[in-house]
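Colleague: To start, I am sharing the structure in question, which I have written as structure tokens.
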Amino acid sequence: MTDTRKTVVLCDFDGTITVEDSLDTVFDHFAPANWRAVGAAVRVGGGTRASIPVEVAMCRATRADFERVVREKIALRPGFRELLGLCRERRWEFVIVSEGFALHIRTVLEREGLQELRFYSNDLVFVDGSITVRQLYVNPDCGRCGNCKRNHVTGYKDAGFRTIYVGDGITDFCPAKEADFVLAKNVLAEYCETAGVRYRRFQDFHDVVRLLRQEAGGRAEE
């Protein structure tokens, strides 16, 4: 029996849509060499909600500096436009969910002519030489992430959507447990293996498109 629900693809940004992690890239450029060790120590107790603002505060750069590095260094993963084409073909919604920054996402999307894509993320505030993080989507019942991706998945499910989740990192663990269909790589794939979350593994978006076409075909035959 064919699933007649509306469908949304929720996709991580850094390391998933992009080849490089834009946060790591700007921190490598503008923070002291020990930023990874400092961030890791904070993350143990407070999650990425606590560690990312600490890492950002270590940076010495302007908004224009961040934009320049992201525009020059952050590439899309192969097949991403094909995934967007599949979503248009199937009339699926496509939404980016990121623990990273709106500044980085907008910079890449504008460079690629994809400004229309919807996203939910944290953002950066540049004031008098300092940089802080604005976190608009914290889950007060957890607080480990600045942007609770799980809440975005469950919000769409509550609205009657079938949810497809695509990701690669630690902030994708919780949403993967809630989604109807999961495509994973890197540490998210490892997590799904150990946690018993059903998933399919991908390397680029050509794989994602192929797997989604297979999954849709299988549902049509049920």
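Just so it is clear, none of the values below were taken in a lab; they were calculated from the coordinates. Note that the structure is predicted; figures quoted are calculated from it, not measured. Here Cβ is always computed from backbone atoms with ideal geometry, including for glycine, and neighbour counts include all displayed protein chains.
Colleague: Computed over the Cα atoms, what is the radius of gyration of the chain divided by 2.2 N^0.38 Å, N being its residue count?
Modeller: Compactness ratio reported: 1.02.
Colleague: Okay, moving on. Would you compute, from DSSP H runs of 4+ residues alone, the mean residue ellipticity of the chain at 222 nm, taking -39500 (n - 2.57) per run and dividing by the full residue count, rounded to the nearest 500?
Modeller: -15000 deg cm²/dmol, from helical runs alone.
Colleague: Any idea what the dipole of the chain comes to, in debye rounded to 20, about its Cα centre with Lys/Arg Cβ at +1 and Asp/Glu Cβ at -1?
Modeller: 300 debye
Colleague: Out of segment 157-222, which trypsin sites (Lys or Arg not before Pro) are coil in DSSP terms and have no more than 15 other C-beta atoms within 10 Å?
Modeller: Passing both the DSSP loop test and the Cβ count: Arg198.
Colleague: Right, here's the next one. May I ask which residue of Val108, Val95, Val187 lies farthest towards the positive end of the charge dipole of the chain, with charges of +1 (Lys, Arg) and -1 (Asp, Glu) on Cβ and the Cα centre as origin?
Modeller: Value computed over the given set: Val95.
Colleague: Fewest to most neighbouring Cβ within 10 Å: what's the order for Thr194, Thr16?
Modeller: The fewest-first ordering by Cβ neighbours comes to Thr194, Thr16.
Colleague: Trypsin sites (Lys or Arg not before Pro), restricted to segment 1-74: which are DSSP loop and have at most 13 other Cβ atoms within 10 Å?
Modeller: Arg5, Arg60
Colleague: Along the positive direction of the dipole of the chain (beta-carbon charges: Lys, Arg +1; Asp, Glu -1; about the Cα centre), which of Val19, Thr163, Pro140 reaches farthest?
Modeller: Among Val19, Thr163, Pro140, the one farthest towards the positive end of the dipole of the chain is Thr163.
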